[in-house]
Structures are given as structure tokens and as C-alpha cells.
Amino acid sequence: TPTEVRSRARRIAREHGGIGLIMIDYLQLMRVPALSDNRTLEIAEISRSLKALAKELNVPVVALSQLNRSLEQRADKRPVNSDLRESGSIEQDADLIMFIYRDEVYHENSDLKGIAEIIIGKQRNGPIGTVRLTFNGQWSRFDNYAGPQYDDE
């Protein structure tokens with residue numbers, strides 16, 4: 001629960017003089033028992049609580065989120081902010097929303113094998129856009145893209 005995360009984070013920060021980063025893998029696994037009847041309200045409370053925790057402890061909180069399956073029905077499978085599962089409050093509370101897209105996951109004969117796109121869907125204090133990286137699946141490693149120029153589509 002968000003209360004448990006906050007309690008542990010406060011204790012660790014107190015014992016170790018601070019925290020550098022909080023990772024949540026993944027947001028939809030968290031629960032708020034008092035709101036379990038309404039998943040939308042529950043996710044909103046989780047999102048707000050994590051945002052408040054980040055401000056309280058002055059620490060970045062990275063929360064992984066599941067995507068809706070609706071993107072699989074589109075021709076262009078690149079995720080957008082509205083593809084975040086139960087996304088309204090997540091979109092609102094997040095300072096930064098990033099997606100990883102690999103064309104070869106959806107298209108077996110893709111010309112973009114070994115290429116990943118980091119899509120910045122929201123950045124409260126900066127630009128949005130796409131950055132290409134080289135993806136080495138053998139080691140699940142991302143490296144700087146050194147291929148030919150590409151157009152932002």
C-alpha cells in the first residue's frame with residue numbers, strides 16, 4: 001500500500017540520511033483497501049500518495065505502469081499517454097512519462113530490429129519527443145544510437 005511504502009521510505013531515509021530513488025514495480029499491484037471498490041479512485045490515491053512522498057522526501061519516484069491493450073488494435077503501436085492503464089490520475093500527477101517502443105516486438109520482419117525508441121510523452125519542465133537507442137537483446141542493454149539519421153514520424 002502507499003502507506004507501507006511511505007513508512008518504509010521514511011524509516012530508510014532516517015536511518016541512512018536520505019534516499020536517492022524510489023522504484024515501484026508496478027503501480028497497478030499496489031492497493032488501498034478503503035478504496036478497493038473503485039479502481040479508478042484507488043489508482044488516483046496511489047498516484048497522489050507517491051507524488052506527495054516524492055515532495056516530502058525530495059526524492060524521485062519512478063513508478064512502472066501497465067499499458068491498456070487498446071494500442072494493439074492500432075496500426076501504429078507506439079504508446080501514448082492515454083494508453084497508461086487507469087491513466088487519468090497517472091497522467092495528471094506525473095512530472096515525466098516515458099515509454100520504450102521496439103518495432104520488432106510487433107512486426108517480425110521490421111527494418112528496425114535492434115532499435116528502441118524512448119518516447120517522452122510528458123515532461124513538465126521540458127520538451128517531449130522521441131530518442132532512438134540501440135537495443136542489444138542478448139544482454140537487455142540499451143546503447144546510444146549510432147545509425148543513420150531518422151525522421152520523427
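The values are calculated or read from the model by the stated rules, or taken from the named source; none is laboratory data. Remember, predicted model here, so these are calculated numbers, not experimental data. Please note: Cβ atoms are built from the backbone with ideal geometry, for glycine as well, and neighbour counts cover all protein chains shown.
What to note about this one:
- Some residue of region 57-76 being in a helix (DSSP H, G or I) and within 30 Å of Gly18 (Cα to Cα): yes
- Top-ranked residue of region 62-93 - restricted to ones that are of a type in the set (S, T, N, Q) and surrounded by fewer than 17 Cβ atoms within 10 Å (Cβ to Cβ), ranked as nearest to Glu117 (Cα to Cα): Asn81
- Of the residues screened, Ser89 is not one that is touching a residue at least 12 places away in the same chain (Cβ under 8 Å), in a loop (DSSP other than H, G, I, E, B) and within 30 Å of Ala13 (Cβ to Cβ).
- Across region 94-147, the qualifying residues are those that are part of a loop (DSSP other than H, G, I, E, B) and within 14 Å of the chain's Cα centre (by Cα), and the one among them that is farthest from Ile24 (Cα to Cα) is Asp95.
- Output for region 94-103, where each listed residue is of a type in the set (A, V, I, L, M) and buried (at least 16 other Cβ atoms within 10 Å of the Cβ): Ala94, Ile97
- Region 33-68: number of residues that are more than 15 Å from the chain's Cα centre (by Cα), over 15 Å from Asp93 (Cα atoms) and modelled with pLDDT under 90: 7
- Qualifying positions in region 77-86 - part of a loop (DSSP other than H, G, I, E, B) and more than 14 Å from Tyr101 (Cα to Cα): Arg85, Glu86
- Within region 1-30, the set of residues being under 21 Å from Leu84 (Cβ atoms) and surrounded by fewer than 15 Cβ atoms within 10 Å (Cβ to Cβ) comprises Thr1, Leu21, Met23, Asp25, Tyr26, Leu29.
- Ser70 under 26 Å from Phe142 (Cα atoms) and without any contact (Cβ under 8 Å) to a residue 24 or more places away in the chain: no
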